[in-house]
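Note sheet for the following structure.
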Amino acid sequence: MLGLADILNAIGKRTLLMGVLNVTPDSFSDGGLFFDSEAAIEQGLRMAEEGADLIDIGGESSRPGAEPLSADEEMRRVIPVIESLAKQIPTPISIDTYKANVAREAVAKGAQIINDISALTFDPEMLPLAAKLNVPVCLMHMRGTPKTMQDDLIYNNVVAEVKEFLSTRIDSCLQAGIKKEHIWIDPGIGFGKDLEQNLELLRNLPELKSLGYPVLVGPSRKGFIGKLLGGLPPEERLEGTEAVVAYSISKGVDIIRVHDIIATKRVITITDALVRGISQQIDSLQ
């Protein structure tokens, strides 16, 4: 298991694996499975043991149509989990939140990365806080909020518009004092995009890579995969997810965010051998 410095040094050398840990009752795929703190802690430990390089912990569902959650309730869900895991494993923890108060407390209790679906825009305190905390941030593209994001799916050019948004947010981060090496970007697959727009973004990931920052993609069990497979539910989208994982790595993606660690670790290992020329066995990558 690697610490944050090791992870940052590994970016660009091999594909990093981020595990999704939803401490929620209503996430689209695994909502309720790890809503209990003890179950969530056990799952986090399991992910680290299975080979996750990072663990992304979220307490508010961002599924389409989701209602917003209070900061107090979000902290009640995630802080005990973060605090416990940070004491037990060196695997870096990412806090999946757009609220400054939640991010501040999460980092105080052991989180080392802020993953914000709003690219630090929903909460005006988040950008200066991230700069002050001096932690890596992941900036994701999304239109509207999770509740409204599927209401407006009209783009003139989805790739160009997502790239321009992320470029603008990168500039804002740099101006606020966030280090260049602490900025990651995420096209927001499944967030305010339809099937064809998701596919177009995936086909054009090198356009986002041209911005010069690590790219994270989170395809895990997403709706567009279910549609392509004839309407399969989230729990039956593993093979489709792994196809997107392998394709994304071939297009230069640096970080993959998924629910299924063991299967994805294997896919990353083989795809990195093909694409990056890395032929170490799985055990040597952990």
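The values are calculated or read from the model by the stated rules, or taken from the named source; none is laboratory data. Fair warning: this is a prediction, and the values are worked out from it, not measured in the lab. Every residue, glycine among them, receives a Cβ derived from its backbone with ideal geometry; neighbour counts consider all protein chains shown. Just so you know, the surface numbers come from the protein's heavy atoms only, side chains and all, with ligands and any DNA or RNA stripped out. Shrake-Rupley method; radii C 1.70, N 1.55, O 1.52, S 1.80 Å.
Quick look at the numbers
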read-out: In Hz, Karplus ³J(HN,Hα) per residue of the range 14-20 (6.51, -1.76, 1.60; θ = phi - 60°; x = Gly, Pro); value: 8, 7, 8, 10, 9, x, 8
read-out: Kyte-Doolittle at least 0.5, axis length at least 15 Å by Cα - qualifying DSSP helices, the chain; value: 238-250, 261-275
read-out: Dimensionless Rg ratio for the chain, taking C-alpha atoms and the 2.2 N^0.38 Å reference; value: 0.91
read-out: Whichever lysines have a C-alpha closer than 27 Å to that of Lys163, once near sequence neighbours (fewer than 8 apart) are set aside; value: Lys13, Lys99, Lys132, Lys147, Lys179, Lys180, Lys193, Lys209, Lys222, Lys227, Lys251
read-out: Protein accessible area in the chain, 1.4 Å probe - carbon and sulfur %; value: 51 percent
read-out: Helix-only mean residue ellipticity at 222 nm for the chain, each DSSP H run of n ≥ 4 adding -39500 (n - 2.57), per residue, nearest 500; value: -13500 deg cm²/dmol
read-out: Heavy-atom accessible area per residue - the range 107-260, 1.4 Å, Å²; value: 40 Å²
read-out: Dipole axis of the range 76-205 (+1 Lys, Arg; -1 Asp, Glu on Cβ), positive-most option in Pro90, Met149, Ser167; value: Pro90
